[in-house]
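Have a look at the structure below, then the notes.
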Amino acid sequence: MPIACLRSLFGRLGSSALGLALVLALALPGMARQALAPQDGPPETPLVVGVDIQGLSSYSEHSILSALGITLQQPLRDLRVREAFETFGIVVTEPVRLEAAEGGVIMHIKIAEVAVDPEVQFLGVDAVSIDKVREWAGLGNRTRVYIHEADRIASRLKQAYKKQGYLFVEIQWAVGEAQSDSIIRDLIFNVMEGPKVRCLGVDIRGNDQLPETGALFWKGGLRKLAKVQTRGKSLFNWFGKIFDEDTLEADLQAMRQVYRDRGWLDAKVEIEDMIFNKKRNRVRVKVLVDEGPLYTVDTVGIEAFTESQGNLTPSELSFSDEELLALCNLRPGVPLERARFLRDRAELGLYYGDRGYLDDETFATQGNGDGFQFLDPLLTFSEDGQSVAVTYRIVEGRPRYTRAVHFEGNTHTRDRVLRREVSVLPGELLSQRELEKSRRRLINTSYFDDPSDPSHPLPDYRLYPIEDNPDQVDVVFTVEEGRNVDLRFTGGIDSNSGLVGIVSLSMRNFEAMDLPTGFFAMFGEVFSKEAFHGNGESFSLNISPGSEVDQWSVDYTHPDVFGTQFDRTSIGLSADGRGRRYRSHDEDRNRTRVYFSHLFDQGDLSLRLGGVYQNVKLRNFSSDDLPTTLLDSPTDSSFHGVNLELRWSALDNNSLPRRGQFFKVGSTFFGSFLGGDNDLIETEIAYDYYAQFGPNDGSVLPGVHLGVFGGVASPYGDTEITNYSERFFGGGSRHLRGFRFRGVGPFNGDYPLGAETMVGGTVEYRYPLYTTPIAGTSDRNEVFRLITFMDWGIYDPSSWSMDTDELRASAGFGIGMLQPIPMSIHLGWPLREFTSDQNQIFSFSLSLR
């Protein structure tokens, strides 16, 4: 159709001045040969030594010369005006003028770019708006469109329609009639939409080794492993999902890859049939799988190479192949699975990385053979074609030592703040593991992130080889200053605390002595990080009024009071108050704390020693039958004590961990010898373990959280029982979900006695529901997750006593939102309860736990 339109256009141009110009342009080269030929010899074709094009605005001169068939220093030839019009929508508006020059001629060409009316016409559009069609076509607010763009516009439209389920859409275009001698034409697209197709289902047969199993979130089999997106009717989509051919093709490829990753290298997954209804708006897809044989491993070997300018040369292994192969999961007799291969690559990378052979991807000179590389393995198939000899191939590089550690991007943060998080030191053998730990610590400071900007880059590092000393490298950590001042006005509801309003000011990477230039300049300088910023200190102020709880807090921490960077000592000051309205009574608590912490090495292990001063008042008792532990507690008590706590953290992220471990144990010694009213020792211990099912490659994967904790409140001296305010209680949105807040007994009357000894735990399975990409990386952010859990706990009213008959347990599921504000909703049901316990199926929390 476009060629026919062009013919029509040229036919109309033939009787106009513009048509005459085209005819002259076509005839001119022959006339020029005659005019420039010597009178007494055969005509000669002159060389084109220069070209002057006038009227060019949208394209490069080189592109137009190529379309017209003009080549400098080549003989003059007929202009390809038809091809130029079809390709770029240009016409020659006047006869070409030739100017004699040394060695040939200079061509003077006047052209015009043929535009179409900015109001491009779309006919046959019924299913969507014209604005949406223009968006799909990529036109936006453009005021000029060229004829040569018509095919691309039609292609974009067709692709967009098919993405919306219009499988049979067809789009044709034509050029409208010219108006007088104008070069402006109407461009008309005729859209034949056809029916919108929905998928009724995908039937897969032949997948005998990977059959469909389970239900809901616990499904297994080929469809689940391949994450097939072409789906039929479901509980939340009664009409079926919109059908898209591209998505189906991607699903087929994904299913093929699932088989190949598991050793079925010859597996074929193809469309067997597509069955449409009479209206062609519903389709059922039938997929046929030919699994083929399962390939197994015959032998496993390992070879080393050196790389120079892209060439590989065999070399000797630096370590024995027996030692290296002992690390490998791929062994003779097992299926040739990609998961085993990936695990072996990671294990060998860690082995070499711990010995100074750094991953090649961490070098700024990546690809030059400077670092350790795990090349594609060599596969040698046996004669029977079902077993494979696997040879791992590696480029070892060489062990590297650190010459210097540098930082880039910390425009306001002091170098010493970063150095105390880095365990890589000059002169030492460099370790990949320590590099990653250092990077994780920098991330966990939260100094270099911006919760409001998902594309904000996280801290990273690069290695720069030293030319005159190849055994050494410079390590450069790159950071970008984050948003360290947060002022928030929020509110919400919590099953434990009722309605709450929150006003909070937090300043990370704070520096108390970095004063602003003046009062009126203070706010601007604080938010531009020019004041109160850069030393790694922290300051926060929180005020939270609510229907059940009113609380406030002020905290300040200096992480390195003596400036030692390593094995440093921090100091913290805090004051907080809370007024809580319980069903049985009201409780007012005010507390002040001062503590010193010694952080060993880079702070993964820390020991805290501090003083605690708090005052607790119990008032407004209800007229109900109150527990004896509450009635026997003084209504106005002071607690003066000393706290000692040991912490160890190996989490990948302190606020939202996915991998790693955390442990803490601490005791607070309250005593009258310190001026308080109570003699009490409170001891608490907790351990958390996080793991994901899959490689640690930045992707968001299903995972588990295992947690155990315990506590003992033990009175001594003149104190006979533990004050009601210091006892342990179970139930609510954070532990023993499925029970009411403080709804776990033993009970005395209508209220729990409270425990002096407590032990409990939780098992959670976490499944990502929705993630978003992190710009500039292959990593993703988790936004929503499904949580299934089982909680258990024992609350004994006596200290150092554990009555296992008092065990409570619950299970359920929930939805957690991680960004922008962590919160969770849980539905829980008791598995083991007592008649006096108080249940609550639904709970809501302004946190993930």
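What residue, of 651, 701, 706, is more than 26 Å from residue 589 (Cβ to Cβ), modelled with pLDDT of 95 or more and under 27 Å from the mean Cα position of the chain (by Cα)?
Every option except 706 fails the conditions.
All but one of (1) open to solvent by 60 Å² or more (accessible area, probe 1.4 Å); (2) not in a strand (DSSP E or B) hold for residue 471; which doesn't?
Every listed condition holds for residue 471 apart from (2).
Of (1) touching a Pro at 6+ places or on another chain (Cβ under 9 Å); (2) open to solvent by 60 Å² or more (accessible area, probe 1.4 Å), residue 656 satisfies all except one. Which?
Looking at each condition in turn, residue 656 falls short on (2).
Can you tell me which residues in the range 826-849 are under 30 Å from residue 454 (Cβ atoms) and modelled with pLDDT of 90 or more?
826, 827
Filter the range 231-275 down to the residues that are hydrophobic (A, V, I, L, M, F, W, C) and without any contact (Cβ under 8 Å) to a residue 24 or more places away in the chain, then identify the one that is least open to solvent (accessible area, probe 1.4 Å).
The first filter runs over the range 231-275 and keeps only residues hydrophobic (A, V, I, L, M, F, W, C), leaving 235-236, 238-239, 242-243, 248, 250, 252, 254-255, 258, 264-265, 267, 269, 271, 274-275.
Narrowing further to those that are without any contact (Cβ under 8 Å) to a residue 24 or more places away in the chain: 235-236, 238, 250, 269, 271, 274-275.
Numbers: 235: 133, 236: 190, 238: 182, 250: 59, 269: 0, 271: 70, 274: 53, 275: 77 Å².
Only one residue fits best here, namely 269.
Can you run down the residue pairs with Cβ atoms below 7 Å, 6 or more apart or on separate chains, where the first is in the range 584-609 and at positive phi and the partner is acidic (Asp, Glu)?
Taking only residues 6 or more apart or on different chains, the pairs are 601/567.
Return a yes/no flag: does the range 232-240 have any residue that is within 22 Å of residue 159 (Cα to Cα) and not aromatic (Phe, Trp, Tyr).
yes
Tally up the residues in the range 745-764 that are hydrophobic (A, V, I, L, M, F, W, C) and crowded, with 24+ Cβ neighbours inside 10 Å, please.
Count: 1.
Taking strands (runs of 3 or more DSSP E) that fall entirely within the range 533-631, which contain at least 3 residues that are charged (D, E, K, R) and open to solvent by 50 Å² or more (accessible area, probe 1.4 Å)? Steps first, answer last, please.
Working: elements: 537-544, 549-558, 568-581, 586-600, 605-619.
Once the strands (runs of 3 or more DSSP E) in the range 533-631 are filtered for at least 3 residues that are charged (D, E, K, R) and open to solvent by 50 Å² or more (accessible area, probe 1.4 Å), what remains is 605-619.
Can you find a residue that is free of Cβ contacts under 8 Å to residues at least 40 places away in the same chain, open to solvent by less than 20 Å² (accessible area, probe 1.4 Å), in a strand (DSSP E or B) and more than 30 Å from residue 404 (Cβ to Cβ) anywhere in the range 489-502?
no
Okay, residues lined up against (1) surrounded by 17 or more Cβ atoms within 10 Å (Cβ to Cβ); (2) at pLDDT 95 or above; (3) among the acidic types (Asp, Glu); (4) in a strand (DSSP E or B):
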| residue | (1), (2), (3), (4) |
| --- | --- |
| 369 | yes, no, no, no |
| 375 | no, no, no, yes |
| 383 | no, no, yes, no |
| 399 | no, no, no, no |
| 410 | yes, no, no, no |
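Residues to consider are 536, 611, 577, 603; find the one that is under 29 Å from residue 647 (Cα atoms) and touching a helix residue (DSSP H, G or I) at 6+ places or on another chain (Cβ under 7 Å).
Being under 29 Å from residue 647 (Cα atoms) and touching a helix residue (DSSP H, G or I) at 6+ places or on another chain (Cβ under 7 Å) holds for just one of 536, 611, 577, 603, which is 536.
One line per residue, one yes/no per condition, for (1) of a type in the set (A, V, I, L, M); (2) surrounded by 20 or more Cβ atoms within 10 Å (Cβ to Cβ); (3) over 19 Å from residue 356 (Cβ atoms):
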| position | (1), (2), (3) |
| --- | --- |
| 405 | yes, no, no |
| 414 | no, no, yes |
| 433 | no, no, no |
| 436 | no, no, no |
| 460 | no, no, yes |
| 475 | yes, yes, no |
| 478 | no, no, yes |
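Identify all residues within the range 539-580 that are closer than 19 Å to residue 514 by Cβ and acidic (Asp, Glu); write none if there are none.
555, 560
Can you name the residue in the range 659-678 that is over 30 Å from residue 784 (Cβ atoms) and modelled with pLDDT of 95 or more and, of all such residues, is most open to solvent (accessible area, probe 1.4 Å)?
Here the residue is 669.
Residue 326: open to solvent by 30 Å² or more (accessible area, probe 1.4 Å) and closer than 25 Å to residue 430 by Cα, yes or no?
Working: open to solvent by 30 Å² or more (accessible area, probe 1.4 Å): yes; closer than 25 Å to residue 430 by Cα: yes.
Against the criterion (open to solvent by 30 Å² or more (accessible area, probe 1.4 Å) and closer than 25 Å to residue 430 by Cα), residue 326 qualifies.
Could you please find all residues in the range 728-744 being surrounded by fewer than 23 Cβ atoms within 10 Å (Cβ to Cβ) and either farther than 17 Å from residue 823 by Cα or aromatic (Phe, Trp, Tyr) (or both)?
Passing the criteria: 729, 740, 742.
Limited to the range 330-363, what total is found for residues that are open to solvent by less than 50 Å² (accessible area, probe 1.4 Å) and in a loop (DSSP other than H, G, I, E, B)?
6
Given the range 257-325, what strands (runs of 3 or more DSSP E) lie entirely inside it while holding 1 or more residues that are hydrophobic (A, V, I, L, M, F, W, C) and over 27 Å from residue 372 (Cβ atoms)?
Passing ranges, in order: 268-276, 282-290.
The values are calculated or read from the model by the stated rules, or taken from the named source; none is laboratory data. As the structure is a computational prediction, the values presented were derived from the model and not from experiment. Cβ coordinates were reconstructed from backbone atoms using ideal geometry, including for glycine residues, and neighbour counts include every protein chain displayed. For the accessible areas, the whole protein counts, side chains as well, though only heavy atoms, and no ligand, DNA or RNA atoms are used. Shrake-Rupley method; radii C 1.70, N 1.55, O 1.52, S 1.80 Å.
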